[in-house]
1. As an exercise, use a Förster radius of 35 Å and the Cβ-Cβ distance of residue 56 and residue 31 to find the FRET efficiency, rounded to the nearest 0.05.
2. So if R0 is 41 Å, what FRET efficiency would residue 43 and residue 118 give, r being the distance between their Cβ atoms, rounded to the nearest 0.05?
3. Quote to one decimal, in nm, the extra length available between residue 80 and residue 9 on full extension: 0.36 nm per residue of separation minus the C-alpha distance between them.
4. Straight distance only, please: which lysines reach the Cα of residue 128 with their own Cα at less than 21 Å, same-chain residues fewer than 8 apart left out?
Amino acid sequence: MLENIEVLLEKPDGEWIHFTEVKPLLDHIIELKEENKTLNRLFKLQHKRSLEADKLWQKATGKTHVFPDLGVLLEWLMDQNKVKLTALKEISAELKLSNDQGDLAIDGRHMNILAVWDEIDKLIEKEKNNG
C-alpha cells in the first residue's frame, strides 16, 4: 500500500525528505500501533480477571469493601489450590477404602469405583504438576 505512494515531506529545518527515506519509520509506526492494540487487549483481560479474583477473595473472607494486595490475593489463590488437592486426596482415599462396593453412582451414572479412583488420581497428578 505505502510503496505505491510518492510523497515528499518537509522537515522543520526546510530540508525535504523523499518518502522512501521515511517508509521504514511509517512501517514501524504501524507495527507499534498494532502492538499497542494487542497490549491494551491483554491489559483489559488481566484487569477483568484480577477483578474476578478480588470478588472471590472478598466473598471468601467477608471483606466486601477491601481489595487485597496482589501478593495476598495470589497467596490466597494458591492456598485454594492446596485445599482442593487435599480434598481430592481424601476422596481418593475414601474411594480406595470402599473398593469392595464395586460401583459408585455419580450424577445418576454407575461407574466402577476403580475407574473413578483412577480419574481422581489423574486429577491429583495434574494438580501437582500445575502447582
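1. That gives a FRET efficiency of 0.40.
2. In this case the efficiency is close to 0.45.
3. Residue separation times 0.36 nm, minus the Cα-Cα distance, leaves 19.5 nm.
4. Correct list for residue 128: 82, 84, 89, 96.
We did not get these values from a lab; they are worked out from the coordinates using the rules stated. All figures in this text were calculated on a predicted structure; none of them were measured in a lab. Reconstructed Cβ throughout: ideal geometry from the backbone, glycine too, with neighbour counts over all protein chains shown.
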